[in-house]
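A short worksheet on the structure shown next.
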Amino acid sequence: DCLGTPIVYSPVKADLTGNIKKIRAVYDSNPTKFKTLQNILEVEKEIHGSAWPKTGATLALMWLKRGLKFMLVLLQSISDGERDEEHPNLIRVNALKAYEIALKKYHGWMLQKLF
């Protein structure tokens, strides 16, 4: 398996899925009011004031965007043929590049070391 153990990619999948669920829950609470993501952002900005954008569906949307950027960089790196010549069937080089570019700056020291 080129992805290695599930422990490598399970957190990314869980994070993306969790953020989608959070955004969807806000939409489902009032589909008429929240027709677009823009509508959700505008309402949450008004409701949460100074805590915005680090709360609610807005925060989930920011993390979803970061997670999707991680996936984009990962897949682009694979597509570009970047690889570890000693372990050509593994995508560790690609995953680390994607993490460095898309997520590392948003994670604390402990999470960075875990990755």
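So is Val93 in contact with an Asp or Glu (Cβ under 7 Å, 6 or more places away or on another chain) and either of a type in the set (Val, Ile, Thr) or over 19 Å from Lys13 (Cβ atoms) (or both) or not? Yes: the conditions hold for Val93.
Among residues of the stretch 32-54 that are touching a residue at least 12 places away in the same chain (Cβ under 8 Å) and open to solvent by less than 70 Å² (accessible area, probe 1.4 Å), those with a beta-carbon under 9 Å from a residue that is among the polar types (S, T, N, Q) and part of a loop (DSSP other than H, G, I, E, B) at least six positions away or on a different chain give the pairs Glu44/Thr55. Restricted to the stretch 55-86, and to residues there that are of a type in the set (Ser, Thr, Tyr) and over 15 Å from Lys22 (Cα atoms), the residue that is most open to solvent (accessible area, probe 1.4 Å) is Ser79.
Yes or no, residue by residue, for (1) within 16 Å of the chain's Cα centre (by Cα); (2) in a helix (DSSP H, G or I); (3) closer than 30 Å to Arg92 by Cβ:
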position: Leu41; (1), (2), (3): no, yes, no
position: Thr58; (1), (2), (3): yes, yes, no
position: Leu61; (1), (2), (3): yes, yes, yes
position: Arg66; (1), (2), (3): yes, yes, yes
position: Ile78; (1), (2), (3): no, yes, yes
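Within the stretch 95-109, residues that are under 8 Å from Leu74 (Cα atoms) have Cβ atoms under 9 Å from residues that are open to solvent by less than 70 Å² (accessible area, probe 1.4 Å) and of a type in the set (Ser, Thr, Tyr) in these pairs: Ala95/Ser77; Lys97/Ser77; Ala98/Ser77, counting only partners at least 6 apart in sequence or on another chain.
The values are calculated or read from the model by the stated rules, or taken from the named source; none is laboratory data. The shown structure was predicted, so the numbers you read here are calculated from the model rather than taken from an experiment. With ideal geometry, Cβ positions are generated from the backbone for all residues, glycine too; neighbour counts draw on all protein chains shown. Heavy atoms of the whole protein, side chains included, go into the accessibility calculation; ligands, DNA and RNA do not. Shrake-Rupley method; radii C 1.70, N 1.55, O 1.52, S 1.80 Å.
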